[in-house]
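The values are calculated or read from the model by the stated rules, or taken from the named source; none is laboratory data. Just so it is clear, the model here is predicted, and its values are computed rather than measured. When we count neighbours, we look across all protein chains shown, and the Cβ atoms used for this are built from the backbone with ideal geometry, even at glycine.
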Amino acid sequence: MKCLQLLPSLVVPIVMILTSNPSPAQSTTPAPNPAATLAYIHQTWGTLTRSMTDCHSLVDSKVTTHPVLYLPADFTPPSDVTAAASRCGVTIHHLPRVIHQLGDVMPEEIGENGLLYLPHPYIVPGGRFNEMYGWDSYFIILGLIADHRADMARNMVENFFFEIEHYGATLNANRTYYLTRSQAPFLTSMIRAVYEDPTAFASREQADAWLAQTYAMAEKDHSTWLRPEHRAGSTGLARYYDYGSGPVPEMADDSTYYPDIIRWLLAHPDANHGFLEKSVDHPDAAEIERLRHTSCDITRSPVCANAVANGYRLTRDFYEGDRAMRESGFDPSFRFEAFSGATHHYAPVCLNSLLFRYEEDMAHFAHLLGRPQDARLWSQRANRRRIDMNRFLWRADQGVFADYDFLHNRSSHYAYISWFYPLWAGVATRSQAASIVRHLSAIERPGGLSMSATNTGLQWDEPFGWAPTNWVAISGLYSSGYRDDALRLARKFTRTIDIGYAHDGTILEKYNVVAGNSAVHVLTGYKANQVGFGWSNAIYLKLTQMIAAGDSGPSSVR
């Protein structure tokens with residue numbers, strides 16, 4: 001198989017993927033059967049349910065240590081949790097102190113990595129991801145409500161309130177090594193999904209009381225994105241940022257990931273934007289001390305100690321970008337330079353679209369709660385963000401909102417599905433929306449929307465299509481009046497899932513939208529195509545609803 005084209009002058013020998021014809025096994029697969037796909041989804045929610053009293057929930061396949069459950073410093077463990085821990089052979093510890101915001105307690109202070117307590121059952125993505133994730137949960141909640149499981153959807157939102165109150169913010173996921181970062185901010189969209197579902201509450205009075213509780217939690221969570229570290233320079237916009245340092249612990253189960261990046265960068269020096277640090281495989285004490293400041297701390301991180309190849313290590317700046325990339329959820333791609341190692345240098349379209357939507361939602365909540373001054377404040381914030389997005393992210397010459405490198409004062413030319421986030425968020429004007437829609441062909445493929453137009457082989461680039469970003473783009477198109485485009489893409493992506501289910505007997509986290517099937521082969525980063533899979537199940541349900549509804553109106557796809 002030939003190497004894949006990355007940039008005009010570069011090739012990627014590190015990753016090869018199958019993008020052409022289905023395998024012989026696929027050619028003999030039974031015909032796609034949407035009824036079978038739906039039956040699988042209906043029965044899989046139970047398989048993906050976790051709780052603090054379930055032994056399986058406490059296991060972390062990514063970091064293979066003795067299972068430990070951590071509770072907030074000032075929290076007494078419920079008796080059923082204590083009993084379950086004893087039965088499951090799990091150690092219970094308290095966090096060392098009360099947490100008010102991300103970074104108040106660093107994972108290396110804690111010792112053994114472990115699960116963070118949550119009070120209610122929740123749905124996990126599947127595969128290696130055995131905890132409740134930040135942005136995954138929004139899409140899962142949409143699916144739960146579509147499948148008449150509003151109680152579980154409400155449980156998950158209330159778990160996020162617990163995270164905000166006790167762990168400082170909505171977390172990437174409820175493990176101790178995620179105490180330094182959040183994830184794409186969909187919280188108000190989750191709240192609206194539950195609040196607006198007529199089956200989630202016994203009465204409107206109960207729903208309104210719940211909304212009043214959520215308002216305070218959402219306001220605190222929003223403040224995470226206003227902290228100095230999350231500011232994208234002087235743009236007035238936000239960036240992704242992780243308060244930790246060095247390589248992430250959850251990559252312990254993929255010991256070649258960081259060395260593979262080093263080898264690729266050495267083979268492609270033009271793409272090495274200050275990401276490499278010359279070192280040795282076995283540094284002495286002086287070198288270890290130097291690397292602590294320029295790269296990472298070998299003495300505190302086994303992943304750091306292993307992250308060496310051919311006499312080189314990755315720089316501290318690369319690790320900052322790598323961590324910021326994981327807060328975005330798009331891990332990894334080449335959207336923010338090689339392996340997205342410069343994520344923290346950009347004001348991204350996706351994040352600022354989500355925050356615009358968040359601020360608009362908060363204005364809406366304030367109106368519902370009879371708080372007109374708050375509503376004006378939130379509307380002012382949203383309007384200010386819209387102005388800054390138009391100033392720094394809108395590229396009139398290209399007709400899209402583009403990520404902005406505030407370190408070098410330049411716009412990105414990387415074609416990415418994030419172009420369509422402003423449609424979903426409602427930040428794009430009619431003329432901007434029309435211009436953005438003209439770029440659909442850049443990423444539309446036979447099986448749905450590809451993440452990008454650049455085939456790097458990394459899992460958040462071409463040729464891969466993911467349920468959450470397909471949903472954001474498709475529902476944004478639908479709500480903006482481009483329903484024919486939305487329905488065409490909905491049919492493409494659901495058929496891809498149907499074909500994959502007929503072949504695999506399961507639903508997966510990502511798909512090959514160039515081939516229109518589940519033939520996904522990634523040889524670096526997250527190599528496996530995880531089974532389950534929470535957000536794919538959920539978005540299949542939502543897209544089939546959209547197709548059935550036809551042109552029933554934009555409110556049905558929010």
Just one listed residue, out of ALA428, ALA473, ALA375, ALA363, is touching a residue at least 40 places away in the same chain (Cβ under 8 Å), part of a helix (DSSP H, G or I) and crowded, with 17+ Cβ neighbours inside 10 Å, and it is ALA473
Would you mind telling me which numbered condition in (1) assigned to a helix (DSSP H, G or I); (2) surrounded by fewer than 20 Cβ atoms within 10 Å (Cβ to Cβ); (3) within 27 Å of the chain's Cα centre (by Cα) ALA286 fails? (3)
Those residues that are among the basic types (Lys, Arg) and either part of a loop (DSSP other than H, G, I, E, B) or under 18 Å from TYR421 (Cβ atoms) (or both), I need them from the stretch 171-196; list them, please. ARG181, ARG192
Can you spot a residue in the stretch 239-258 that is small (Gly, Ala, Ser), surrounded by 22 or more Cβ atoms within 10 Å (Cβ to Cβ) and touching a His at 6+ places or on another chain (Cβ under 7 Å)? no
Quick one: is THR199 part of a loop (DSSP other than H, G, I, E, B), within 18 Å of ASP242 (Cα to Cα) and in contact (Cβ under 8 Å) with a residue 24 or more places away in the chain? no
How many of the residues making up the stretch 289-301 are within 13 Å of TYR312 (Cα to Cα) and either over 29 Å from the mean Cα position of the chain (by Cα) or among the polar types (S, T, N, Q) (or both)? 3
PHE334 vs. criteria crowded, with 19+ Cβ neighbours inside 10 Å and assigned to a helix (DSSP H, G or I): no
With ALA193, ALA200, ALA209 as the choices, which residue is of a type in the set (A, V, I, L, M, F, W, C) and surrounded by fewer than 17 Cβ atoms within 10 Å (Cβ to Cβ)? ALA209
Output the residues belonging to the stretch 502-536 that are among the aliphatic types (A, V, I, L, M), modelled with pLDDT of 85 or more and assigned to a loop (DSSP other than H, G, I, E, B). ILE507, VAL513, VAL514, ALA515, ALA519, VAL520
Just to verify a result, which residue in the stretch 92-113, among those that are at pLDDT 95 or above and touching a strand residue (DSSP E or B) at 6+ places or on another chain (Cβ under 9 Å), is surrounded by the most Cβ atoms within 10 Å (Cβ to Cβ)? LEU95
Condition check for LEU226: within 24 Å of MET325 (Cα to Cα), surrounded by fewer than 22 Cβ atoms within 10 Å (Cβ to Cβ) and among the hydrophobic types (A, V, I, L, M, F, W, C): yes
Taking the residues in the stretch 450-470 that are hydrophobic (A, V, I, L, M, F, W, C) and crowded, with 24+ Cβ neighbours inside 10 Å as candidates, determine which candidate is farthest from TYR138 (Cα to Cα). LEU458
Identify the single condition in (1) modelled with pLDDT under 95; (2) among the β-branched types (Val, Ile, Thr); (3) buried (at least 23 other Cβ atoms within 10 Å of the Cβ) that ILE123 does not satisfy, given that it satisfies every other one. (1)
